[in-house]
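Remarks on the structure that follows.
The values are calculated or read from the model by the stated rules, or taken from the named source; none is laboratory data. Just so you know, these numbers come straight off a predicted model, no measurement behind them. Because the Cβ atoms are built from the backbone with ideal geometry, glycine has one as well, and the counts that use them run over all protein chains shown.
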Amino acid sequence: MAVLVECTSVIVRVEALTKKYKGGAESYELACPNKTFCCDDVLTRVGFMNANDVRYWCMEVLAPLGIAFDQQARSPDVVIVDQLRGPSGPCDWILFGQSPDGFSWCKADDDARDVFSAPPGWTPANSRSMSFWAPDPDAPGGVTAIRDPSSDRSLPLHHSTVFEKRWSPDAAKPQDLFREGGSGSR
């Protein structure tokens, strides 16, 4: 079985969540800050459009629970996968591929099932219609901007993340919501 890879996906083994995340994959799905979670019973996937959100999810949600990602080493439980380039570091436990229908996927290297898991409501047309943007090197004086390659338009890039909008500074961190004694609401 395979899970969708769209934008930048954080792929975590269900086995690691069962051992290290209170409530396992079901609680992990509830903690997902957006509607990108999917699971094939071996791997889970949460997707992000912003590298800061990926970093936050890995460092603030997963790492404190012992589910650590190391781009230079072979992480046993988690890997970051880019929809166009594949795994961001060495990973010998997943296979990455791109469908002729225009979307990317990954699956456990030892999983022979030929089934695909994506978030509810997702269709291949969702991936085909995505526009890819690149950093704009000509942006004036320290302003970060992105340039749409299809129209050559440049737009300022706002750096807020889904986490800034979801949790206030005095709210519990996401990883605390499902620990013993954790508090907070979704």
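Looking at the range 122-133, can you tell me whether even one residue there is of a type in the set (Ser, Thr, Tyr), in a loop (DSSP other than H, G, I, E, B) and more than 19 Å from residue 36 (Cα to Cα)?
Checked the range 122-133: no residue is of a type in the set (Ser, Thr, Tyr), in a loop (DSSP other than H, G, I, E, B) and more than 19 Å from residue 36 (Cα to Cα).
How many residues are loosely packed, with under 14 Cβ neighbours inside 10 Å and in a loop (DSSP other than H, G, I, E, B) when one looks only at the range 52-69?
1
Taking the range 105-117 as the search range and keeping residues that are more than 18 Å from residue 87 (Cα to Cα) and among the hydrophobic types (A, V, I, L, M, F, W, C), which one is nearest to the chain's Cα centre (by Cα)?
Restricting to residues being more than 18 Å from residue 87 (Cα to Cα) and among the hydrophobic types (A, V, I, L, M, F, W, C), the top hit is 116.
Restricting to the range 70-91, count the residues that are surrounded by fewer than 14 Cβ atoms within 10 Å (Cβ to Cβ) and at pLDDT 90 or above.
Final tally of qualifying residues: 1.
So which of 18, 44 ends up being surrounded by fewer than 17 Cβ atoms within 10 Å (Cβ to Cβ), among the polar types (S, T, N, Q) and at pLDDT 95 or above?
Result: 18 is the single residue among 18, 44 that is surrounded by fewer than 17 Cβ atoms within 10 Å (Cβ to Cβ), among the polar types (S, T, N, Q) and at pLDDT 95 or above.
Only residues that are in contact (Cβ under 8 Å) with a residue 60 or more places away in the chain and not in a strand (DSSP E or B): list them for the range 89-113, please.
Scanning the range 89-113 gives 93, 103, 111, 113.
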